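Since the structure comes first, as structure tokens, the remarks are kept for the end.
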Amino acid sequence: MELAANQIHEEEAAIRIRQAIMGQNLTNSAPSEGRVNLKATSPGLLKINVPALDEINLLGDLIIATLHNNTVCKNRHDRCRDTHHFNYIQPKKNWRN
């Protein structure tokens, strides 16, 4: 599929979001269908910047779903965050390089 100069593929968008939200003690999946999963690398307390999360989720065309702030991740590989894009192709104007 050929993209216009002002478009970005959903997998690239997922990678960029992953890089922006990835915190310490997390591992990630490869993007698939515009989605990437972040999982704990060790037990601990999940900390979420709730105001930033709310702001991102209000942008439209994507959603970041998380466990609640201050959730205890008891097991290694507990899923903590997911991202998903609703559009196959994203306009580049929505993304910084």
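Would you call Ile63 of a type in the set (A, V, I, L, M, F, W, C) and at pLDDT 85 or above?
Numbers: of a type in the set (A, V, I, L, M, F, W, C): yes; at pLDDT 85 or above: no.
It is false that Ile63 is of a type in the set (A, V, I, L, M, F, W, C) and at pLDDT 85 or above.
State all residues of the stretch 5-28 that are small (Gly, Ala, Ser) and either closer than 16 Å to Cys73 by Cβ or touching a residue at least 12 places away in the same chain (Cβ under 8 Å) (or both); if no residue qualifies, say none. Break it down into steps so the answer makes sense when it comes.
First, the residues of the stretch 5-28 that are small (Gly, Ala, Ser): 5, 13-14, 20, 23.
Ala5, Ala13, Ala14, Gly23, listed by residue number.
Which ones in the stretch 1-19 are aliphatic (A, V, I, L, M) and at pLDDT 80 or above? If you could, list the steps in order and put the result at the bottom.
Taking the stretch 1-19 as the starting set, the residues that turn out to be aliphatic (A, V, I, L, M) are 1, 3-5, 8, 13-15, 17.
Across the stretch 1-19, the qualifying residues are Leu3, Ala4, Ala5, Ile8, Ala13, Ala14, Ile15, Ile17.
When the stretch 38-78 is examined, which residues are found to be among the basic types (Lys, Arg) and touching a Ser or Thr at 6+ places or on another chain (Cβ under 8 Å)? Lay out the reasoning, then the answer.
Here is the first cut: in the stretch 38-78, the residues among the basic types (Lys, Arg) are 39, 47, 74, 76.
Scanning the stretch 38-78 gives Lys39, Arg76.
Evaluate the following for Ala4: is it in a loop (DSSP other than H, G, I, E, B), more than 23 Å from Asn69 (Cβ to Cβ) and not acidic (Asp, Glu)? Before the answer, list the steps.
Numbers: in a loop (DSSP other than H, G, I, E, B): yes; more than 23 Å from Asn69 (Cβ to Cβ): yes; not acidic (Asp, Glu): yes.
Yes: the conditions hold for Ala4.
Taking the residues in the stretch 78-94 that are farther than 13 Å from Gly34 by Cβ and surrounded by 12 or more Cβ atoms within 10 Å (Cβ to Cβ) as candidates, determine which candidate is modelled with the lowest pLDDT. Give the derivation first.
If we filter the stretch 78-94 for residues that are farther than 13 Å from Gly34 by Cβ, which is where we start, we get 78-81, 91-94.
Next cut, surrounded by 12 or more Cβ atoms within 10 Å (Cβ to Cβ) only: 78-81, 91-92, 94.
Values: Asp78: 68, Arg79: 71, Cys80: 68, Arg81: 60, Pro91: 50, Lys92: 53, Asn94: 56.
Within the stretch 78-94, the match that is modelled with the lowest pLDDT is Pro91.
Mind listing whichever residues of the stretch 27-75 are surrounded by fewer than 13 Cβ atoms within 10 Å (Cβ to Cβ), on the phi < 0 side of the Ramachandran plot and among the charged types (D, E, K, R)?
Of everything in the stretch 27-75, those that are surrounded by fewer than 13 Cβ atoms within 10 Å (Cβ to Cβ), on the phi < 0 side of the Ramachandran plot and among the charged types (D, E, K, R) turn out to be Lys47, Asp54, Glu55, Lys74.
The values are calculated or read from the model by the stated rules, or taken from the named source; none is laboratory data. Keep in mind the model is a prediction, meaning the values are calculated, not measured. FYI the Cβ positions are ideal-geometry reconstructions off the backbone, even for glycines, and counts take in every protein chain you see.
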